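Remarks on the structure that follows.
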Amino acid sequence: MTGGPLDGTMAPYRSVDENVGRHAQIVHWYVPWGASWGTFDYQRPLLDNMHEYASVGEDGSVPLITWEPWAPPFQRDGTDMPLTAIAGGEFDPYIDSWAAGLRDLGYAVLLDFAHEMNGDWYPWGSGVNGNTPDQYVAAYRHVHDRFAQAGAANVRFVWNPNNTSTSTSAAAFYPGSSYVSWLAIDAYNSNSSWGSPYNEIAPIYRQVSALDPYKPMMLAEVASQASPPPRAVPANKAAWISELGRDLPQSFPRIRAVVWFNELGTELVIDAPSDVQAAATQAFGSCPRRDDAAALSDT
């Protein structure tokens, strides 16, 4: 689950878990490289909170960090994202500080570097500032290799395109199976382009799953808005969630984890109103549970 704020109490996460009746075995948040909170030392207590997180009678979660290489000094001239500078080693001191820090934690962490690269809304995205797939692949591989050189074997790298793309396919940005532990997909259902879970997920699922027949897959971000147009199918957000719960085992059997984007204060939340909460309880309560949180990082 994605939630917040990250104040150390875990209260927003715990509230959702109690409402839905399901312990979040993956707890997800975002770390921009250049933010004041982007250092490993700042994030260390949060990582421990996530790892030890307990709710509804279950203990332990796997931290999932979406690691975003932007904000100064990593982002320049307002929009410039120097992928070539990452690949060339310019930011190795920062990367290495995280590699050593995560290594020394001694527990598994899922690391999603520069996600949704097949879109054009991030400075590392497809075509932005002239970015090419080859430049992205080189940057991704370089970051992975720095972690490998540091001995951070407990860090599982996630590769995570979006379900909507530029004219360049997501597959062009794949760094190769030796650099990736988890294949991931982001998929959102919006009021303006309302569609079924199958229609939102199936095209990118087919494309990504074809890249490697054995890698586990996850929905690293998924959510639905709540104000569909007239005569929409599914008819509302609760029905959309129920349909997602049915589709997962039937149509997307390789998806082993689902991370709901539970942005507080928006209509994306999964535990309100009551019909949405009931649908979430039924849909996610029926999903197969991993025996423990560590099983989610066994690749």
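The values are calculated or read from the model by the stated rules, or taken from the named source; none is laboratory data. Just so we're clear, the structure is a prediction, and the values are computed from it rather than from any experiment. All Cβ positions, even for glycine, are placed from backbone atoms using ideal geometry, and neighbour counts span all protein chains on display.
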message: I need the full set of residues from region 195-245 which are more than 24 Å from HIS28 (Cβ to Cβ) and of a type in the set (A, V, I, L, M), in order please.
response: ALA210, ALA232, VAL233, ALA235, ALA239
- request: Identify, from the list GLY151, GLY119, GLY125, the residue that is more than 24 Å from ALA71 (Cβ to Cβ), in contact (Cβ under 8 Å) with a residue 12 or more places away in the chain and in a loop (DSSP other than H, G, I, E, B).
  value: GLY151
query: Does ILE270 count as crowded, with 17+ Cβ neighbours inside 10 Å and modelled with pLDDT of 95 or more?
result: no
task: Of the numbered conditions (1) out of contact with any helix residue (DSSP H, G or I) (no Cβ under 8 Å at 6 or more places or on another chain); (2) closer than 20 Å to TYR94 by Cα, SER177 fails exactly one; give the number of that condition.
output: (2)
query: Does at least one position in region 36-47 carry a residue that is touching a residue at least 60 places away in the same chain (Cβ under 8 Å) and more than 21 Å from the chain's Cα centre (by Cα)?
result: yes
task: Go through region 1-50 and count every residue that is farther than 17 Å from ASP271 by Cα, modelled with pLDDT under 90 and either out of contact with any Leu (no Cβ under 8 Å at 6 or more places or on another chain) or of a type outside the set (A, V, I, L, M) (or both).
output: 5
message: For region 249-259, give me each residue that is among the hydrophobic types (A, V, I, L, M, F, W, C), outside any loop (DSSP other than H, G, I, E, B) and touching a helix residue (DSSP H, G or I) at 6+ places or on another chain (Cβ under 8 Å).
response: ILE255, ALA257, VAL258
task: Can you run down the residue pairs with Cβ atoms below 6 Å, 6 or more apart or on separate chains, where the first is in region 83-108 and over 19 Å from ASP134 (Cα atoms) and the partner is hydroxyl-bearing (Ser, Thr, Tyr) and surrounded by 19 or more Cβ atoms within 10 Å (Cβ to Cβ)?
output: ALA108/SER297
- request: Taking TYR188 as meeting all but one of (1) in a strand (DSSP E or B); (2) of a type in the set (Ser, Thr, Tyr); (3) more than 21 Å from GLY119 (Cβ to Cβ), write down the number of the exception.
  value: (3)
- request: State which residue pairs qualify: first residue under 18 Å from VAL20 (Cα atoms) and inside region 239-252, second residue part of a helix (DSSP H, G or I) and among the β-branched types (Val, Ile, Thr) in any location, beta carbons under 8 Å apart, and separation of 6 or more residues or different chains.
  value: ILE241/VAL276
query: If you go through region 120-145, how many residues are surrounded by fewer than 18 Cβ atoms within 10 Å (Cβ to Cβ) and under 14 Å from TRP98 (Cβ atoms)?
result: 1
Residue match in region 191-210 (condition: closer than 26 Å to LEU83 by Cβ and in contact (Cβ under 8 Å) with a residue 60 or more places away in the chain): no
